Amino acid sequence: MDEKIKELIDVSRDYGKNKSFVIAGGGNTSYKNEEFIWVKASGSSLETIDENGFVSLSRAKLKPISTKNYSQQSAEREAEVKQDLANAIVSTNGNRPSVETSMHEVIDYPFVVHTHPTNVNALMCSKNAAAASKELFGDDALFIPYTDPGYVLFKKVATEIKLYTDKFGKSPQIIFLENHGVFVAADSVTEINELYEHILQNINACIEKALPSDDALRFESPLLDQIQTLHPGFTNFLAKGISSNLIHHFVKDASTFDKVKTAFTPDDIVYCKAHYLFIPEQKEPLDLIQVAKSSVANYLEINGYLPKIIAVQGVGIIAVEDSIKTILNMLEVYTNILKISFLSENFGGPQSMTAEQIDFIDNWEVENYRRQMAK
């Protein structure tokens, strides 16, 4: 195995197994030389990735993507870009390359590690993301306002990288994406690690109130026993409920839950969908079930799908899906949403995705593919 690919595998696993950097299946990594780029396959796990978890592509065949004229219709355009990515593949190992392959290609450093760290996204998913990023990092980092993932985001980043390079004489090594995460690029893995340490030191210095430090515990609720009734027409749904001090902070009442009722990032939507249901406290179990039935029916009418995350006032949160693996991923992702919202108060408070941004992700073929891979 090439020594550089071994380094890529090692750095991928190092960040992949760290839950403060990579939640569920988020993030991707790459290495490139003059001829080829090796990028994480869509749906592969960074924590356990090996050589077969990467797709190798020709850089010469990727370069025209940045200048080619594609359809103005988003779905058609993304299909065209996907086909051009496929045409550039040298070795797939049976996988498809990350949708962010072109982003990795345009960044002018051999190693790129893209993650969604909790503390970074506390800044990126905050109301003061742009101003605070500038204050903390100055010209050492490039900040990109939220842009729909895929080709549009790639073109935005490519344009901003060129402007940055023309101004400073070098490409940016830190690229922050609002309501998304961060790309870190360098000539070596050692420098990647140093840059991440620098990022977190700067951000952590601004965090005055630490997260509640306790483990989540399972709880029992009549709603868990009645989950099939709440989700009529689906016979294979499972449910698990958890509670913690952090969860109690947000399920105290409807106003506290407002700060975590909508997705912050595209990954949140992939795993948990975009909207989360709050069930008000009831004195009697039967009343709780009836209120829950009515709330779920109303949610279904508004959103067109059943809720995957249900918050029960004063109790905890329930994740609903068709497998334990998927439920555990959902609980991990949604707990991260709570952490981001809590920590974002240090940067002006949380900023969720807009309805238009959510609609794009919900209907994007790439993210639907990731949903299936996650299962």
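Checking Ser188 against (1) assigned by TED's automatic domain parsing to the domain that holds Asn121; (2) surrounded by 15 or more Cβ atoms within 10 Å (Cβ to Cβ), which single condition isn't satisfied?
The single condition Ser188 does not satisfy is (2).
Are any residues in segment 46-78 closer than 26 Å to His116 by Cβ and of a type in the set (A, V, I, L, M, F, W, C), and if so, which ones?
Passing the criteria: Leu46, Ile49, Phe54, Val55, Leu57, Leu62, Ile65, Ala75.
Is it the case, given these coordinates, that Val113 is assigned by TED's automatic domain parsing to the domain that holds Ile49, buried (at least 19 other Cβ atoms within 10 Å of the Cβ) and farther than 30 Å from Glu3 by Cα?
no
Mind listing just one residue for me: the one in segment 292-321 that is of a type outside the set (A, V, I, L, M, F, W, C) and touching a Phe, Trp or Tyr at 6+ places or on another chain (Cβ under 6 Å) and, of those, nearest to Ser20 (Cα to Cα)?
Gly316
Sort out which residues of segment 130-150 are touching a Phe, Trp or Tyr at 6+ places or on another chain (Cβ under 7 Å), in contact (Cβ under 8 Å) with a residue 60 or more places away in the chain and over 15 Å from Pro266 (Cα atoms), and write them in order of number.
Ala132, the sole residue that qualifies.
Step by step: first the residues of segment 208-240, then only those that are within 21 Å of Thr118 (Cα to Cα) and buried (at least 16 other Cβ atoms within 10 Å of the Cβ), then the one that is modelled with the lowest pLDDT. Which residue is that?
Checking each candidate, the answer is Ala216.
Given the conditions (1) part of a helix (DSSP H, G or I); (2) modelled with pLDDT under 95, report the number of the one that Tyr15 does not fulfil.
All conditions pass for Tyr15, except number (2).
Do you know which residues across segment 212-228 are assigned to a helix (DSSP H, G or I) and either in contact with a helix residue (DSSP H, G or I) (Cβ under 7 Å, 6 or more places away or on another chain) or over 23 Å from Leu286 (Cβ atoms) (or both)?
The answer is Pro222, Leu223.
Would a scan of segment 25-46 turn up a residue that is part of a strand (DSSP E or B) and over 21 Å from Gln173 (Cβ atoms)?
Scanning segment 25-46 turns up at least one residue that is part of a strand (DSSP E or B) and over 21 Å from Gln173 (Cβ atoms).
Return the residue satisfying two criteria in turn: it lies in segment 156-169 and is more than 20 Å from the chain's Cα centre (by Cα) and touching a residue at least 40 places away in the same chain (Cβ under 8 Å), and of such residues it is nearest to Asn363 (Cα to Cα).
Ranking the candidates gives Ala158 first.
Answer with yes or no whether Ile65 is among the β-branched types (Val, Ile, Thr), within 21 Å of Cys272 (Cα to Cα) and surrounded by 14 or more Cβ atoms within 10 Å (Cβ to Cβ).
No, not satisfied.
Would you pick out the residues in segment 168-196 that are on the phi < 0 side of the Ramachandran plot and in a strand (DSSP E or B)?
Ile174, Ile175, Phe176, Leu177, Val182, Phe183, Val184, Ala185, Ala186
Could you please let me know if Ser133 is among the small types (Gly, Ala, Ser), out of contact with any Ser or Thr (no Cβ under 6 Å at 6 or more places or on another chain) and crowded, with 17+ Cβ neighbours inside 10 Å?
It is true that Ser133 is among the small types (Gly, Ala, Ser), out of contact with any Ser or Thr (no Cβ under 6 Å at 6 or more places or on another chain) and crowded, with 17+ Cβ neighbours inside 10 Å.
The values are calculated or read from the model by the stated rules, or taken from the named source; none is laboratory data. Remember, it's a predicted structure, so these values are computed and weren't measured experimentally. Note that we place each Cβ from the backbone using ideal geometry, even for glycine, and neighbour counts take in every protein chain shown.
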